[in-house]
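S.K.: One structure, pasted below without further comment.
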Amino acid sequence: MEEQVLAAEQTAAEQAVAVDPPKKRRVNRAVLAENLWGWFFVIFLVIGTTVFIYLSLVLSIWMSFTDYSADGRTLWDALGDIHSDGFLHWYKYMFSPQYNAAGDVTGTGISHDFWTTLVNSVFYMIGIPIGMALSLFFAVLISRDIKGSGAFRVIYYIPTVSSTVSIAIMWTNLFGANGLWETWFGKGLVSGTGSTVWSQKVAVVIMTTWKGLGGSILLLCAGLNGVNESHKEAASIDGANAWTTFWRISMPQLWPTIFYCIVTSVIGGMQIFAEPQLIYGYYPGTGAVSASVDVTPFVGLIYGHYYTNHNFALCSALGFILMIIILLLTLVQFAIDSRRDA
Amino acid sequence: MTEEIRVDNIPAEEEQLSFLQKIHKGLCKFTSWLGFGSKYYKSSKHRKKIFLDVVTYVILILVAIVMIYPFWWMIAASLANNMQNMLSTFVWPKTTATVLRGGNLFYHYSNIVALAQSQQLDYWRSVGVSLLYSLAPVIVGLITSTMAAFAFAKLNFKGKNVVFFYCLAAIMVPGPSIMIAQYCIYDALSWTGNGLAMIIPGMFGAVLTAFFIRQYLYGLPTSIIEAAKIDGAGYWRIFWTFIIPLAMPAIAAQFILSFIGCWNNYLGPLLFVSSRDWYPLALVVAAMDTSYGADVNNAPAVMAMAVLALIPVLVLFAAFQKTIIGSIMLTGSKE
């Protein structure tokens, strides 16, 4: 019975469709207006993102296959000349050393620079775990029930908002030749007696850690405020002391904040440029402002080749490699984090 | 077996303790005085809190000095008469600039403009350029960001989610990776010689700003917008009369943070500004740092420039520290 009725209904519906002229789709004016206005409101951001980020990204990848440099060609002409080496261009930057006129490996080619500066960028990141541990400690202290914690938060954030240029000038003088540090400890970090490549790097690490401490302290304070009070209370009723409560109750709830801090500071840390460049100059460079490759970070190498050689193709290839490295580092961190939960 | 109290476990007599145990007991007496109880001595929780508070304050104040002292050093050093006395400054320079011509403590501050002039740099112009680079793109960019945030939070249009993730994915592209291509684009548009490269791109809004304001607007009730619609207000009017005032706290926080970011920006103008006329303050100070105007005894003047470059940002931070700290903390608690 039911099947028959259903079938009848179906045929009726089909007939109705077949017989009636196709209905004009009613355009709901309100919906149309909302669609149009919605697109209007986002269009500027979409244009900006498309042109200045995605288009630049595509252009950057494209340029890395050419041999574009400031040789009088316009950008459009240069984009047409895909280099015959093609993909090997990248490989060359990463793995092949430079040859001198006699055909011998000089050891100081672009691949040598590539790996040295990459290692430098990674070295500058040792400030991240140190800074995280310090800021966690200070955040716990600030979050204690004390008066004036707001003032400490403000004071600790001052270096973070300060201009890197001014800070770098101050750092050069404090830790440089005849500076306070050398007067007290007999050893200059940035320059002066006993200053080595390593002490120069350490000076940068101290600076970035000092400058970045305030931000992570604030984030961790917010995270500590968000820790569930009743969980802590339950733990203390069960006889847990402060130490256990911190590691077993606060720490797991704080972990997302810590993880966020680590991920963002690794992404930022790989992009370090201004601090070493302002203190030591740029590489490859010319004249008095030329820095040693041993203190130049990866972005410094990109800038140096842009500024000194105007080798846009090389810079683009290096930039794309940097993006892949940052992406891989982020993925690795997320993979480790998901493993922890499992 | 019934439980029995083991009397021999209680260390009662002084004579039964070994030398080490005596030292331990003495230490326990000390720690109990500080508020940490032990098996020998009881202690009050109140005292423990006071002790820990004191330790906390001592550590926090020491760190605060580490954070603040370099800034004091900069100010004091900029008042020294020459480079040698500037470098040896600890709390106050050995000889201040009062010994120099004019007997003015702020001699080096008054010398800044002339010093910049000697390097073909115009100090006051660079201050104006810095203001232009930090105000124009930030104000216009905030309006466009808020527009996008409004659409993402409160409007329903086809492809909204796709556009949202399209924009959000852009923050994964690191700036230094595409900066050379950006330079080539700006150069082709001839924006590098006149500072437009630092102004126009920012006017299209920033994804992170839009995302922050969107999160803020998302929590607000939609009924206000519905009511306005029923009363006949168009979307544009809703945006100007409701959304902007409602989102003002978030917009203000983003304004200050973006302003500070733009004022301190170094890599951007370094790449995208080729004309010395359009150098912002950061580049002028950095350029002076390497040259000292050909005389090392101008070092305190360079330091004075560095101090002056810090001041606008520090004043802004002091005035709006509640907003800034609050918005940073908000980011932390959202994650």
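S.K.: Around B:Asn194, under 14 Å between beta carbons, what's the net of Lys plus Arg minus Asp minus Glu among the other residues?
M.R.: 0
S.K.: Taking the simple approach of a point 7 Å from Cα along Cα-to-Cβ for both B:Ser190 and A:Asp294, what is their distance in nm?
M.R.: 4.7 nm
S.K.: Same structure again: Can you work out D for the protein assembly as shown in µm² s⁻¹ from Stokes-Einstein, where Rh is the Kirkwood radius over C-alpha pairs, the temperature is 10 °C and the viscosity is 1.306 mPa s?
M.R.: Values: Rh = 29.2 Å.
The Stokes-Einstein estimate is 54 µm²/s.
S.K.: So, counting K/R as plus one and D/E as minus one, what does the shell of residues with Cβ under 13 Å around B:Gly234 add up to?
M.R.: Here the count lands on +1.
S.K.: Which helices of chain B meet both criteria: a Cα extent of 20 Å or more along the helical axis and a mean Kyte-Doolittle score no lower than 1.0, with helices taken as whole DSSP H segments?
M.R.: B:45-77, B:123-154, B:248-264, B:299-319
S.K.: Sticking with this one: Taking the Cα centre of chain B as origin and charging only Cβ (+1 Lys, Arg; -1 Asp, Glu), how large is the dipole, in debye to the nearest 20? Don't skip to the end; give the middle numbers.
M.R.: Numbers: 22 positive and 15 negative charges, 124 e Å.
That gives chain B a dipole magnitude of about 600 debye.
S.K.: Using the Cα centre as the reference, give the magnitude of the dipole from point charges on the C-beta atoms of the protein assembly as shown (Lys, Arg: +1; Asp, Glu: -1; all else neutral), rounded to the nearest 20 debye.
M.R.: In total the dipole reaches around 1700 debye.
S.K.: On to the next question. Which whole number gives the average count of other chain Cβ atoms within 10 Å of the Cβ atoms across peptide A:302-310?
M.R.: Average neighbour count from other chains, rounded to a whole number: 2.
S.K.: Counting only other chains, and only Cβ atoms inside 10 Å, what mean value do you get across the residues of B:166-174?
M.R.: What the average comes to for B:166-174 is 6.
S.K.: Let me ask something additional. Calculate the mean, over all residues of peptide A:167-176, of how many other protein chain Cβ atoms lie within 10 angstrom of the residue's Cβ.
M.R.: Rounded to a whole number, the mean comes out at 6.
S.K.: Still on this structure: List the chymotrypsin sites (Phe, Trp or Tyr not before Pro) in region B:67-101 that DSSP assigns to loop (not H, G, I, E or B) and whose Cβ has at most 14 other Cβ atoms within 10 Å. Which are they?
M.R.: Here the chymotrypsin sites (Phe, Trp or Tyr not before Pro) that fit, given the DSSP loop and packing criteria, are B:Phe90.
S.K.: Another question, if that's okay. Go through B:Lys25/B:Lys48; A:Lys147/B:Lys25; B:Lys22/B:Lys48; A:Lys201/B:Lys94; A:Lys147/A:Lys232 and tell me which ones have a Cα-Cα distance over 26 Å in this structure.
M.R.: Beyond 26 Å between Cα atoms: A:Lys147/B:Lys25; A:Lys201/B:Lys94.
S.K.: For a protection proxy built on the mean count of beta-carbon atoms within 10 angstrom, sort B:242-251, A:42-51, A:169-178 highest first, please. Each step should come with its number before you reach the end.
M.R.: Details: B:242-251: 17.9, A:42-51: 20.1, A:169-178: 21.7.
So the peptides B:242-251, A:42-51, A:169-178, ranked by packing, come out A:169-178, A:42-51, B:242-251.
S.K.: Let me ask something else about it. Which one, A:Ile142, A:Val119, B:Asn265, projects farthest toward the positive side of the charge dipole computed for the protein assembly as shown from Cβ point charges (K/R +1, D/E -1)?
M.R.: The Cα lying farthest towards the positive end belongs to A:Ile142.
S.K.: Give me A:Arg340, B:Arg237, B:Arg276 sorted ascending by neighbouring Cβ count inside 10 Å, so fewest comes first.
M.R.: A:Arg340, B:Arg237, B:Arg276
S.K.: Further question: How do B:Phe165, A:Phe137 line up, fewest other C-beta atoms within 10 Å first?
M.R.: By the 10 Å Cβ count, ascending, the order reads B:Phe165, A:Phe137.
S.K.: Sum up the charges of everything whose Cβ sits under 15 Å from the Cβ of A:Leu118, counting Lys and Arg as +1 and Asp and Glu as -1, but leave A:Leu118 out.
M.R.: Here the charged neighbours net out to -1.
S.K.: By the gyration tensor of its Cα atoms, with a ≥ b ≥ c the square roots of the eigenvalues, what is the shape of region B:45-110: rounded for a/c under 1.5, prolate for a/b over b/c, or oblate? Please list the in-between numbers first.
M.R.: Values: a/c = 4.79, a/b = 4.30, b/c = 1.11.
Prolate.
S.K.: Let me ask something else. Name the residue from A:Gly188, B:Asn161, B:Gly26 whose Cα lies farthest towards the positive end of the charge dipole of the protein assembly as shown, charges +1 on Cβ of Lys and Arg and -1 on Cβ of Asp and Glu.
M.R.: Ranked along the dipole, the leading option is B:Gly26.
S.K.: Using the Karplus curve 6.51 cos²θ - 1.76 cosθ + 1.60 with θ = phi - 60°, what ³J(HN,Hα) values do you get for each residue of region B:95-110, in whole Hz, with x for Gly and Pro?
M.R.: 10, 8, 5, 5, 6, 7, 3, x, x, 9, 4, 9, 3, 5, 5, 6
Readers should treat all values here as calculations from the given coordinates under stated rules, not as data from a laboratory. All values reported here derive from a predicted model rather than from experimental measurement. No Cβ is skipped: glycine too gets one built from the backbone with ideal geometry, and neighbour counts run over all protein chains shown.
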